[in-house]
Amino acid sequence: MFRLSKDIDSAFQGVGTKGGLEVWCIHNNQLISIPKSSFGRFHSGNAYLLLSTALRKIGSPQYDIHYWLGHDATEVDSVLASDKALELDAALGCCTVQYREVQGQETEKFLSYFKPCIIPLEGKYSPQNGLAEETYPVTLLMCKGDHAVRVKEVPFLRSSLNHDDVFVLDTASKVFLFAGCNSSTQEKAKALEVVEYIKDNKHAGRCQVATIEDGKFLGDADAGEFWTFFGGYAPIPKCSSSTNQEQTPTTCAKLLWIDTRGNLHPTETSSLNKDMLEKDKCYMLDCDSEVFVWMGRNTSLTERKTSISSSEEFLRKEGRSTSTSLVLLTEGLENARFRSFFDEWPQTAESSLYNEGREKVAAMFKRKGYDVEEFSDEEDEPLYTNCRDALKVWRVDGGDVSLLSIHDQAKLFSGDCYIVQYKYTYNERNEYLLYVWIGCESMEEDRADAISNASAIVSSTKGESVMCHIHQGNEPARFYSMFQSLVVFKGGLSKRYKTTFLVENANECESKASLFRVQGTSSRSMQAIQVDLAATSLNSSYCYILQNEASVFTWIGKLTSESDHDVLDRMLYFLDPSRQPMSTREGSEPDTFWDLLGGKTEYPKEKETRKQVEEPRLFTCSCNSDVLKAKEVYNFVQDDLTTEDVLLLDCQTEVYVWIGLNSNIKSKQQALTLGLKFLEMDILEEGLLTVRSPVYVVTEGHEPPFFTRFFDWVPEKANMHGNSFERKLASLKGKDPVTKRSSGSPWRSDSKENASRGSRSRSNGSERGVSSCSSERFPSYSQGRESNSDSTPLVKKLFSESLSVDTNNGSTSSNSDISKENSLGGIKVDLSLESLAYSYEQLRVDSPKPVTDIDATRREAYLTEKEFEERFEMTKPKFYALPKWKQNNLKIDLPDIKLMLVSYKTNTTAQPPMKLITPLPTLPPAKAPIKIPTLPPAIATIKPPVLPPVSPPKFNRTLVAMRGVVFCKACKYAGVNNLEGAKPVKGIYRAVLTIIQKRHEPQM
């Protein structure tokens, strides 16, 4: 929150309200705002102040303040810059992290704001534009860094060159790049970005570019021209003149508290604890190469200024290097590095101000008599894979790997390990997604065998598969979507499990009672997870199924929604369609229910809330002597994925290990080990990552769309040959880079807002789809459930989400169109519905011998090709390419319209014909033939009754949004909008359109 007082500069009026950078310069003891066109141009004779504002999806913005001190800046300007940084912090509510930046020793976070580099200018800043010089000055620049580049002007002498660094010689007509023989490929590639920056900004793109390799001179005209500027060629001494001295991080930290006069007092203890930090004091944590100043919440602005001045004076007296980092932290905003120096730092519950404010506004609408509901989290989640293609599941049993049948692949056991391979079409090419699923009760030997066998399958696809390691209970939503319906049983089938738990399994079989937690987002992603048979396994946020040989109970938690109840009905039928349940709601359980659970005890009754997930973070990874080193890449872009590196993308609920084609990691199993070590380290120490979090292994050139959504992805960059230097050089010289193939993300994510959201199914994302490997089989349950007085069977609700044709990409998604074979690995699996073909008479609803094991919403799909063409006078692909309403009309025109129950989905632009078309009533037998008069075509096709026209509300005029709640003045409906960052659809929120639409559409 912005606060302005007499102690705060008026230049900070209204700052921090927009995302991005704001820069000021200290000029004549005053702050002067720098225009955006001049960002990155720092004069060595001045001090600058920079504010970085990141608008988060949930909660208040994140602020970082940097004050930059030039080499020639006066002491007065330097002190004034640090004081203004504190005033800016106070203006923003004391919720910022502050950094001191010294010219030539800037932090990588500061450098990441200015791509590709900053080149400090000599002299002082002046608001007036200077006159152009008559002669172009020749400058020699030294470049260091493989991700964040530090550019330093060095004397224009041959002695400035060395074999370890990369240099840029900027002349009037040509820019030269000189690469030392010991410099890395990544450094040369980043130096080329500096060359491109100079060419575009100082030469207006009208100059030549030349690259000079250290040690190669003969026959190279550019090399001869380069050495001419230095008076001719001469060998460079082998002794490097580079001053790059890496400082080893120290584990010894000293804590000193600072009094109001600026005196430092060391604490008399060797171990540090958070309780030592008092709210009304300031402290300095001296870690040699870096120094932190911690300021309590109850300290004044004057005390903070005194503590910072004392800390800077301490560094000068100690003779510390200018590279010593100075970071200023306010209580409650401690970073992971600061916390790592303390023995214990308790995990405090993160503030839920956003949720509290949302609930308060919702309560305000309720008191006024309005209906308030919460929008679904899934409305704004993108669908990253279509989840409609081939699926294979193998169970690992020692050294054996057995392929499961289609019927058994939707039933997993917690005592086993499985390999799940999913093939999908992406950019007209087959891609593979391979999961290693680790049951929570599985044996260690089986887990190792599962990873080994999965690596062998990856090798069979030439390493192009995306491999993912997941533990039971931490599955991402896209994993569930592949199965559509999934059941996880307790126990195991592997030999090792049976040998270890033989006695326990025998005791479990005697009880023959089981409890399943039902979870999911819709009929296209639902799961039943067997849990311990005890009342402590219940949770008010879920529905459960309790069954034994004699009875079946369904238990409905108080905090569940109608969609949860719908998933419960479907999953109950999936488990056992022959049994009728006894439905009970939380708080009205019979004694028999508690007896089956072993007695009534306490269980969680609070609403499960998702954790606040911040933006993903990228790290470079290297492993030496089994020690993982990770270095963060700030403000990352696609160009930071250099082909020589292994990078790790931390999404806080899942981790991606990206392998460059030219890196020293050659196997997915080796990369997976890096990812698992990263989970053990928990570098950020924020408590979101655990050792059971999913780990994806992605190879360069085969990035899946749910990975590329975190970048402004350009497919051509991911499909180039050569190392990073060769690729950049080809692009800089205007050559068309050779690409390996055509692939990449067909869309750009709606920013990073959808990264890793939680869902009802305890997942890390919320992608939904339909698997071709299991079909919907749900009957009408009208017993055991409180329902409306409407006589329409519950089948109307159960089949409200019938499978439909996906025309987004101009192709159908019916099971009949799915490839009939997946021969990968030498095993052929028939995935077509035609393998379950039935006759027309069997598929009729009133058939004396009806077929039960089918998808009742798509009966026509089970006809043979020949009979299908006879009935519909077209092939199946042509039929499913038609719009849904045309398909339904063709079904109605069949001789017996009982073939199919037809459902329609409404929209706000046109009134649908009818939500449900019921079968025609059976006429009583007549003695004489009854002549049925010819009816008009509209009546013969059962035209629905004409309903009074309902004009769709003008959402953009009737919707009012305030603090997370959206209110419709047309129908007096208020809804809590928890879809942060939802993109407008024709001027309205997508979630609002969906929920309000249901209240305005005709009710049948």
Is there a residue being within 20 Å of the chain's Cα centre (by Cα), assigned by TED's automatic domain parsing to the domain that holds residue 695 and either assigned to a loop (DSSP other than H, G, I, E, B) or within 12 Å of residue 147 (Cα to Cα) (or both) anywhere in region 642-651?
yes
Of 58, 26, 65, 34, which residue is within 20 Å of residue 117 (Cβ to Cβ) and assigned by TED's automatic domain parsing to the domain that holds residue 14?
34
Does region 685-701 contain any residue that is aliphatic (A, V, I, L, M), over 25 Å from residue 448 (Cα atoms) and within 19 Å of the chain's Cα centre (by Cα)?
yes
Of the residues 57, 115, only one is under 18 Å from residue 20 (Cα atoms) and surrounded by fewer than 18 Cβ atoms within 10 Å (Cβ to Cβ); which?
115
Within the bounds of region 43-65, is there any residue that is of a type outside the set (Val, Ile, Thr), in a helix (DSSP H, G or I) and in contact with a helix residue (DSSP H, G or I) (Cβ under 6 Å, 6 or more places away or on another chain)?
no
Number of positions in region 406-433 that are in contact with a strand residue (DSSP E or B) (Cβ under 8 Å, 6 or more places away or on another chain) and farther than 11 Å from residue 394 by Cα
12
Quick check on region 49-71. Is at least one of its residues of a type in the set (Val, Ile, Thr) and modelled with pLDDT under 90?
yes
Those residues of region 545-588 which are touching a residue at least 24 places away in the same chain (Cβ under 8 Å), under 29 Å from the mean Cα position of the chain (by Cα) and part of a loop (DSSP other than H, G, I, E, B) amount to 559
Out of curiosity, is residue 627 surrounded by fewer than 18 Cβ atoms within 10 Å (Cβ to Cβ), of a type in the set (Val, Ile, Thr) and under 22 Å from the mean Cα position of the chain (by Cα)?
no
Where residues in region 234-264 are part of a loop (DSSP other than H, G, I, E, B) and among the hydrophobic types (A, V, I, L, M, F, W, C), which of them is modelled with the lowest pLDDT?
239
Which residue out of 635, 662 is on the phi > 0 side of the Ramachandran plot, in contact (Cβ under 8 Å) with a residue 24 or more places away in the chain and assigned to a loop (DSSP other than H, G, I, E, B)?
635
Could you list, in sequence order, the residues of region 592-647 that are modelled with pLDDT of 85 or more and small (Gly, Ala, Ser)?
598, 599, 630
Among what's in region 664-679 and is small (Gly, Ala, Ser) and closer than 16 Å to residue 644 by Cα, pick the residue that is surrounded by the most Cβ atoms within 10 Å (Cβ to Cβ).
671
Members of region 575-591 that are modelled with pLDDT of 90 or more and hydrophobic (A, V, I, L, M, F, W, C)
582
Name the residues in region 683-739 that are modelled with pLDDT of 85 or more, assigned to a helix (DSSP H, G or I) and under 25 Å from residue 423 (Cβ atoms), would you?
705, 706, 707, 708
Would you say residue 101 is more than 19 Å from residue 309 (Cβ to Cβ), assigned by TED's automatic domain parsing to the domain that holds residue 34 and surrounded by 18 or more Cβ atoms within 10 Å (Cβ to Cβ)?
no
Out of all the residues in region 355-366, is one or more over 29 Å from residue 110 (Cα atoms) and modelled with pLDDT of 75 or more?
no
Is one or more of the residues making up region 436-449 touching a helix residue (DSSP H, G or I) at 6+ places or on another chain (Cβ under 7 Å) and of a type in the set (Lys, Arg)?
no
Unmet requirement for residue 458, which otherwise passes all of (1) in contact (Cβ under 8 Å) with a residue 40 or more places away in the chain; (2) among the aliphatic types (A, V, I, L, M); (3) surrounded by fewer than 18 Cβ atoms within 10 Å (Cβ to Cβ):
(3)
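Quick one: which strands (runs of 3 or more DSSP E) lie wholly within region 420-537 and hold at least 3 residues that are under 24 Å from the mean Cα position of the chain (by Cα)? I'd like the intermediate steps shown before the answer.
Numbers: elements: 430-438, 466-471, 485-489, 514-522, 525-531.
Where strands (runs of 3 or more DSSP E) fall fully within region 420-537 and carry at least 3 residues being under 24 Å from the mean Cα position of the chain (by Cα), they are 430-438, 466-471, 514-522, 525-531.
The values are calculated or read from the model by the stated rules, or taken from the named source; none is laboratory data. Source: prediction; values computed, not measured. Cβ: placed from backbone, ideal geometry, glycine included. Neighbour counts: every protein chain shown.
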